Structures are given as C-alpha cells and as structure tokens.
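Each value in this text was obtained by applying a stated rule to the coordinates, not by laboratory testing. If you're wondering where the values come from, they're calculated on a predicted model, not measured in any experiment. Cβ: placed from backbone, ideal geometry, glycine included. Neighbour counts: every protein chain shown.
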There are 2 protein chains.
Amino acid sequence: MNGARALLSTLVESGVDVCFANPGTSEMHFVAALDEVPQMRGILTLFEGVATGAADGYGRMTGRPAATLLHLGPGLGNGLANLHNARRARTPVVNIVGDHATYHTRYDAPLESDIASIAGSVSGWYRVTARADDVGADAADAVAAATGPPGCVATLVLPADASWSESDTGPCATRPKVRPSPAPTELVDQLAQVLRSGEKTALLLGGTSVRARGLHAASRVCATTGAMLLGETFPANLERGAGIPALDRLGYLAEFAQAQLDGVQHLILVDAKAPVSFFAYPGKASDLVPAGCTVHTLAWPGQDAPGALETLAEAVGAAQGSAIPAPAARPDRPTGPLSPATLAAALGAALPEGAIVVDEGNTSGLFVAGATAGAPPHDWLTLTGGAIGIGLPAATGAAVAAPDRPVLCLQADGSAMYTLQALWTQAREDLNVTTVVLANRSYAILNMELQRVGADAGGPAARRLLDLTEPDLDFTALSQGLGVPARRVESAEELTKALEASFAEPGPSLIEVPLPQSLG
Amino acid sequence: MNGARALLSTLVESGVDVCFANPGTSEMHFVAALDEVPQMRGILTLFEGVATGAADGYGRMTGRPAATLLHLGPGLGNGLANLHNARRARTPVVNIVGDHATYHTRYDAPLESDIASIAGSVSGWYRVTARADDVGADAADAVAAATGPPGCVATLVLPADASWSESDTGPCATRPKVRPSPAPTELVDQLAQVLRSGEKTALLLGGTSVRARGLHAASRVCATTGAMLLGETFPANLERGAGIPALDRLGYLAEFAQAQLDGVQHLILVDAKAPVSFFAYPGKASDLVPAGCTVHTLAWPGQDAPGALETLAEAVGAAQGSAIPAPAARPDRPTGPLSPATLAAALGAALPEGAIVVDEGNTSGLFVAGATAGAPPHDWLTLTGGAIGIGLPAATGAAVAAPDRPVLCLQADGSAMYTLQALWTQAREDLNVTTVVLANRSYAILNMELQRVGADAGGPAARRLLDLTEPDLDFTALSQGLGVPARRVESAEELTKALEASFAEPGPSLIEVPLPQSLG
C-alpha cells in the first residue's frame, strides 16, 4: 500500500474516523485512498476555516480528534483562526497538511510556503513525515499527541511523495492511552485547609472541570465551605441546565470580573488560568486577580480535574448530596418585538433536552445564559480564543459528533460572515443544526469597545467601519444559496415557533433574527 | 497626537491613502483616527482574506501599496493566503496588524498569538513598533520597504499602547524613492551575442516586464533575432490586446510548458524565474528547463526590466518599428449552449477597452485568453501564488485603484467560495466590477489532477470530495444576499447581452454561467 493508505488506516485504527477536508493537488493520493479505507468519513468543506472549526467542535464533543486535510501553507493559513480557538480550548485535532514532494521544495514553486512557521503558532505537536515508511508511525504519534491529556492541535505535514510512494511498513498500531494524573494528597489537604480558614475563597473552574461530574464535586465543596464557584469566561464545553450545579462565569468585561472577584483572598484554579483582561485598556488592569489574593492550583491542564475536585470534596467533609443543582425553570413564551431579552426568552422556552449550544452570539446573546439556566441539561460551547468565525463550523463538527442531538448555533451576524460556507456542509451532510443569526447589523462589540479603549472620537468614518449596513446582509438569501432553508422572523412569537419547528425537524435550518443595533 | 494618528498621517504622506480593514478592539484607536485624517479612505471588508486580496489587486494596478488593517495573529492568518499570492506577485502591501498593548502580552490573554511567525511566512519586511514615538518612522520604513523595487509585503505590528499613547515625534517624512537599477552594458552585450549566435533562444518575461513598454522592446528583440517570446504562466499584471505584442505564456501543465520550451538552448530570464512544474508528479520532472539549455538573467526582480529590454533591443540592432503588435480581432458573438468555448467567445466579443481582467477562471477559462487576444487593450491579473480565493478580492482592489475602468472578474465557482464576502464590499463602495462565475459545480482542476498524479482510484468517496453538487450553490442568491444584483444566464446569447449590460452600467453585478462539469 502507499503512504496515503497507511496514513488513513493508522488514523482509523487510532480512533480518528472523520476528516474535514479541503484538498488540493498535493493531497490527491489521500483523497484517492478514501475509497480503500471506507471507515474514514471524508467531509468536504468549501473553506479551510470551516474544516478546522468543525474539527474543534467535533473534538470538544467527543474528546477524540477529527482529522483535517489542508493544502500547504495557504490552506493551513485559511484554517489558522479556528485552530487558534482549538488551541485555547485544548481540543484534540490532527491536521494533515499536504505539501509538495520532498524533492520539489528546492524549486520554490508558486505554492511553496513556510508551513512550519504557520503551524508552529497553533500546534502543540508538529512533524514532517520524511518518507512513506514513516507515515504510519508519525500518524499514530500525531493522534497520541493530539489526544493528550491535555488535548492539543497536532500537525503532520505530508509531502506528496510520502503519500504516493509504497510503504513497506504499512499502518501503525495505536499508541497507549495516557491517563490524567491525580491531584497529590498533600496539595488537596493544603487546599482543604485554605477552604476551612474562613478567608474568602473562590474556585475557578475551566477546561475539563466544567462537565457535570466536576461541577457536582465543586458544588459540594462550595456548599460545605462557603467558597464561591466561578467559571472561566469562555469554556470549551460547559455542561449546564436543570439538575446540574450552575457555574457563574467570569464576565468578559474586566470591570464585571473584578466585581465578581472583589474581596477574594484565595483563588483556587481548577484546569483554569488566573483571570486576565481580554484586552488591555488605557489605565486599566490586565491582571484581574485582586490585590493580596493568593492563587492556588488544584489541577493543571492534563491532570484529572474532576477527580481532584471529588478528592477535595471528601477532604472538606462534603456530604454526597450537598451539591446544589440548578432548579428546572423555563421563561414564559415571550411576546412582542424582538430584542436581546425576548430572544433569550424564546431560546429558554424552546431549548430541547440534550441540545448542544454553540455560542458565538457575542453582544446580542447577553441574556441567553440566564434564560436557559434552568432548561433541560445541555452543552454550551463558546469562543475560547476570541478569533471570530467559530460558530457555524463548530456547530457543524458538533453535529457530526453527536448526530442524535439537536445543535443550536447562536451566531452574531458579523462573525457569521467569516465562515458562512459551513452551511453548505451542513446541507450536504444533512446535519441537525438550527442556526440563529443575531442580526443587529453591526460589529456591536466594537462600538462598545471604541468607547472603552478611550477612543472617544467615533466620527462617521470610524462608525462606518463598525457598521454592517449599506448594504444589509440578507441571511435568508445567503443561507438558501448554500442549500440551507431559512426564514426571517419579525416577532418573539414567530421566533419561538420557528425554533420549535426547526428542533422538531431533521437537517439544518437558519433563522434570521433582526435585532436593534444598540445593546439593550 | 496619538500614535494612531501619527501612523495614519505618515501613511498618507507616503502615498498610502487606502486601507482595507477588518478591525478588532486592539485597532480601535486606528479606527477612531480615520476621522482626523480624512485623506485616508478606510474600506471595510467582512473577512481579512478580502482585505489582503484587495490590497494585492490595488497594488498590482497602481504600483503603490494599500494598507490593510488586521486583528492580531488570527486576523493575519485569515488574510495569509492572499498575502501569499501578493508575495509571489511582488505586490507592494503594507499590513498594519494590531496587537495587544506591550505590557499585556505576558498575561497570555485569549487572543495572544505568535504574529511574528505567521507574518514571517509572507513578509519581506517585518517590524514591531515599540512605542508611539517610533510609529511614524516605522510606518515610513514600511511603505518604503513595500514599495521596493521590488515590491513586497511589509508587516508592521502596532501594539495598542503604541497606538493610543501620545507621540511626541508625530508623523514622519516619506523615505526617498529607490530607482530600479539598469542592466550592465557588459551583460547586455553578452546576451546580444547569444541572441545572434543562431542557437535557439527564448526570452521569458515576468514581473514588471510584461507591460506594453517591456513587451514592445522584447518583441523588437525577437522579431530581429528570431528568438521566442515567452511569458511566465501566472503574471501579476499583463498588458495585452490589439496593438500590444502578444505574450505566449508558459502552460500550467508541465507537459505543455516542456513542449513550448523544446529545443531551447538559451533561456533569457527577464524579471522571471526559471520554469518549474507547479506541482510534482510521480516520475515527472520538476525542473522544466530543457537538458543542455543555458539559463541567463537579463534582469532580476527590482531591476529595470523594461529598460533592460530596450537596451537589449538596441544592442541587437532592432529597428524602432520592428515590434509585432497583436492584430485587432474579436470573435463573432456566439450562439447556442454555454461551454468554455462560447463563454470565451462572449468575453472576446464584449470586453470593453481599458478593462481590467482578474482571472481566477481556472479550468473553465481555458479558451478565454485566445478569444480576447485581439480585444482592445486591457490588463490581465492572474493567480500568482496558487492560493485560490484571490479573484473577487483582487477585483475589488483593482476597482478601487482604477474607478474609471471596467473590471471583469472571471471566477471559478470553487474558488469563489473562499472569499465571496468581497461582493459586499463591492456593493458598499459601488465598485465597477462584473463578476462572471464559471459554475461547473466541481473542483474540476482536481478531477484532472487526480488522474495526473497517478492516483487512478477516484472512487465515489474521492469524487465526492471534488464535487460541488448536493447541494448546488446558488450564486445569484448568494450575490443578492451580499447586496450585488445577479442573474443566471442559460445561453451564449444571453451571456453576451448580460456582459454588455453590466459593462455599460456602473456598480457591481454578477453573472452565473452554468458550465458542464467535464472539461471541453
């Protein structure tokens, strides 16, 4: 068999059986080998940012990497923004980047590019396969590296001749799984003492600790000791809803986060980073840890964070039933004009059990978290790295990962335009995604930020760069052009009905929700 | 004034008065300063690949850089593919990449990213501004570096605090212009001897030598000495049409180029690279220079290539009037079904004088060059770096650069989907662009390449990754969704009429041309 087939077989053997692809000539042997390794599902995307964002969504849902198939440096570049988000989410992803044949590199052909530098900016693991005989082992190493723990983006560069040449070694066996390490007893005892000290203490949960198991344990700790339970601003995959202890996420705005952390004397990080301001602002703090607060770490990324929380709960003497689950509650079906508030109520009223919510709603989604807090249990995926354009692709990947669950994509209009091509893949693969485009017709967050950075000008030239009118984007036409049925709603009642209808039907659909430009 | 204003004033002073922008929070002071420096025209794009491709098109038309405004590493990443094309075209471009405030970097906030590595892969010049007092000088240096000769992508990283802090030094004066160096007399005499030797000789023109002046001089040389006149496969901006000597471009397929070069004993490069195969193929040559052929260089990039050709023409004793201009000729208005042949004839019949053709037609555009060879003089911009998705953005930038000229964008459907957002900017700026989408509903070039690389499988799984049906893309809906009027034509007659109507009207429009999936 050739290198391409050895690669595909190794990936499948190692549990990677989905590949989000946007191939070019140097990847043609990989593409041809798909027919020989039918266990691998090749999914075409029309743009690499869709492929990488879908791999992020898939990996967040399954904990296993999907592969991407990208075309040299420019293809990797097109996928870079969503790989940045995946890196921040610690999502396992295996990039296969096709390259020129090894002997062709010296001719500096038009597509010759510095793949190593581009990949280095987002990859936790990087290797160039030297020859077909190495492809299997390299692929097995890539999957192991991507899987972690913690997960990372692993990038394997596949020269065309390594792909088309005969591999005498063939596929390679899976690498052994690595277990996350437990928290040391001494550390747990020390943190239990901190929690019993009477000083104001907060747990800050992130990464792998924000699933139901970790949240239950953390809630037991907090209920028993009086500590605050906080979460990272942008979790990779938060489990929430009725019956699951609620996580109070730190605010995006530094002022909000500072208010939440006010007076905290001990901050215990659980697979989370110490809080910092998302951006710098003139005269404002970057480091959001209160003065005099001691920062502790219960679990680093790659350690067993839920297990550490359970051990800590035992150490503080928390009873098994002491966690405080979120009560079941849904807002009333809203009536009247569309606004961030009625949008939130409609989502809260309609969200089905087991939903996967991909949240790139930005400013327009302000009230959605509150309105869905008591909905049936669901997953919540956010924009971990701040590189906009993750929503539609991640929803695509999540739907591939969990075909029996409804996916809701809350998508701000400005961000939607980065990777709108994802809708076509949703149509082709008949994915169960409801996209709600929050059409406030502006980069509303930038209008806010323009004030916050102190740039008080904001004259007409500046405003025009933050405004999405002239012409208005018609998302129903765009969606239909990509093969996804779409409608625009004009009232809260219509929205709720449209959501219920979409959740009840298989396949993708899009709902455009016109919202006022200003916040509120 | 603050650093942002010093930057904008310096750019304008240095002749850079257009900025294709996709800003984020760290760029808000730059955005705010646009109202204080009204000579700078800020043009919003909905995706960074549009901004960088537009800057490429603008720079190819004017020889002067446009600025881009990009948001940290992910924004630069989104623009990377078209910067790759600009690098290959040696287009002057000045990227302004906003970054976190210098003191914020150490906190590794979510958008912290390795801008240097990403930028390094495409930039001929790179600098991080350290403080507001340096911004002006850094910007002047960036413009000088980008302008060249030869042109290059210059990337200036602008930390937010350098942007918002007071600049005591203010704007900086323009750097002196650098003149391209002439060809040494000795070299010209030596090459004149080669040309008179009777051995089979070819001139290979690229870069700055493929404008009318260089083509006239080269044609005189060839008419006088019997040398062949060849051009690079993918010129940045070729001047052509009736009255201008025609350039026989090397074929994209190595076999074609090899046939063109067969028997050549001397190859004289004029701002061009020695020919290499675009991709490697099993058992086929990468280096396309015939065995035994001596490669000479009349002008390197950055040297005065048209001047060198004129000196060479004199040295071989070519008379002033000896150049062979292309005769005026237009195909008859075609009739019948749409095909690559009737498409080409329609374009040849309708192309207006002074048109700017941005050609990302790929396989479907096979016959267009022939059918337009005798059309009134026009410019022809191609995909220099092989990173697809340049067409719509470059057409946008070219239309900004030359508002009084009609722009024709020949756009393959697969490639169109990478940067379709450009249409919205065309609508907002009311740009005079006619986009012709060549809708063969496949990555046709990959179907061909699948055969050529020797991957003879091409089973259903492979074919599905190269096919753009299920669902069909509806380009008229997509275009209308982005604010650009569009229509689908069904015959050659309709196409010709639609082209004429679009060229006669101001503002953008799109024509979808359904074509058969297979070549021919």
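Values for this structure:
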{"read-out": "A:SER181, B:SER219 arranged by Cβ crowding within 10 Å, fewest neighbours leading", "value": "A:SER181, B:SER219"}
{"read-out": "The protein assembly as shown: antiparallel DSSP beta bridges as a percent of all, rounded to 5", "value": "10 percent"}
{"read-out": "Packing-based exposure ordering (other Cβ within 10 Å, fewest first) of B:GLU13, A:GLU360, A:GLU493", "value": "A:GLU493, B:GLU13, A:GLU360"}
{"read-out": "Packing-based exposure ordering (other Cβ within 10 Å, fewest first) of A:ARG5, B:ARG333", "value": "B:ARG333, A:ARG5"}
{"read-out": "Near-label residues of region B:126-146 by backbone N, under 19 Å of a point 7 Å along Cα→Cβ of B:GLN39", "value": "B:135-146"}
{"read-out": "Inter-centroid distance (Cα atoms) of region B:241-295 relative to region A:46-124, Å", "value": "32 Å"}
{"read-out": "Dipole axis of region B:185-322 (+1 Lys, Arg; -1 Asp, Glu on Cβ), positive-most option in B:THR233, B:THR208, B:ALA315", "value": "B:THR233"}
{"read-out": "Summed side-chain charge close to B:LEU238 - residues other than B:LEU238 whose Cβ falls under 12 Å, Lys, Arg +1, Asp, Glu -1", "value": "-1"}
{"read-out": "Calculated Rg and Dmax of the protein assembly as shown using C-alpha coordinates, Å", "value": "29.3, 101"}
{"read-out": "7 Å along Cα→Cβ, label-point gaps from A:PRO506 to other copies, nm, shortest first", "value": "5.3"}
{"read-out": "A:LYS497-A:GLU470 FRET efficiency (beta carbon distance; Förster radius 30 Å; 0.05 resolution)", "value": "0.45"}
{"read-out": "Cβ-vector label at 7 Å, A:PRO485, separations to other copies in nm", "value": "3.2"}
{"read-out": "Whichever lysines have a C-alpha closer than 18 Å to that of B:LYS177, once near sequence neighbours (fewer than 8 apart) are set aside", "value": "none"}
{"read-out": "Potential lengthening between A:VAL295 and A:ASP332 on full extension [0.36 nm per residue; Cα-Cα distance subtracted]", "value": "9.2 nm"}
{"read-out": "Teacher prompt: A:ASP168 distances to equivalent labels in other copies, 7 Å Cα→Cβ, nm", "value": "7.0"}
{"read-out": "Compactness of region B:340-514 - radius of gyration and Dmax, Cα, Å", "value": "15.8, 50"}
{"read-out": "Size of charge dipole - the protein assembly as shown - debye, nearest 20, with Cβ of Lys, Arg +1 and Asp, Glu -1, no other charges", "value": "260 debye"}
{"read-out": "Eligible lysines near A:LYS200 by straight Cα distance, threshold 26 Å, same-chain separation 8 or greater", "value": "A:LYS273, A:LYS284"}
